[in-house]
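Report on the following structure.
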Amino acid sequence: MKKALIAASIVGAAAAGVIIYLTRKNGGMQRLLDGAEATADDARRMANRHLRKTQKKINAMVSETME
């Protein structure tokens with residue numbers, strides 16, 4: 001238990017250090033946010049494509065069933 005608490009403290013301190021470093025560095029946080037935005041946009045495009053394919057499959061199944 002004591003080792004887990006020490007490890008969690010070290011990880012928390014490292015994360016805080018990274019956050020402080022990125023906020024003070026010129027444009028570091030903005031670059032990080034831009035990367036997150038690009039990743040979210042890619043995920044949105046992938047989800048939309050998947051939903052369109054699913055809708056086409058559903059329409060095909062319904063039309064086969066109705067015949």
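The values are calculated or read from the model by the stated rules, or taken from the named source; none is laboratory data. The shown structure was predicted, so the numbers you read here are calculated from the model rather than taken from an experiment. No Cβ is skipped: glycine too gets one built from the backbone with ideal geometry, and neighbour counts run over all protein chains shown. To get the accessible areas, we keep the full protein, side chains included, count just its heavy atoms, and leave off ligands, DNA and RNA. Shrake-Rupley method; radii C 1.70, N 1.55, O 1.52, S 1.80 Å.
Brief remarks follow.
- Here the gap between I6 and M61, fully extended at 0.36 nm per residue and compared with their Cα-Cα distance, gives a gain of 14.1 nm.
- Residue (of A47, A16, A36) at the positive-pole extreme of segment 4-61, dipole from beta-carbon charges: A47
- Using a simple spin-label model with pseudo-atoms 7 Å out from Cα toward Cβ, D42 and T23 lie 2.8 nm apart.
- Of all aspartates and glutamates in the structure, the ones whose alpha carbon falls short of 18 Å from that of K56, not counting any fewer than 8 places away in one chain, are E64, E67.
- Compactness ratio for the chain: Cα radius of gyration over 2.2 N^0.38 Å (N = residue count) comes to 2.12.
- Ellipticity at 222 nm from helices only: DSSP H runs of n ≥ 4 in the chain, each -39500 (n - 2.57), divided by the residue count, give -33500 deg cm²/dmol.
- Of all lysines in the structure, not one lies under 26 Å Cα to Cα from K2 without also being fewer than 8 positions from it along the same chain.
- Percent accessible area from carbon and sulfur atoms, the chain, protein chains only, probe 1.4 Å: 66
- Rounded Å value of the spacing that divides the Cα centres of segment 30-58 and segment 1-26: 31
- Pairwise FRET efficiency - L33 versus T54, Cβ, R0 = 35 Å, nearest 0.05: 0.65
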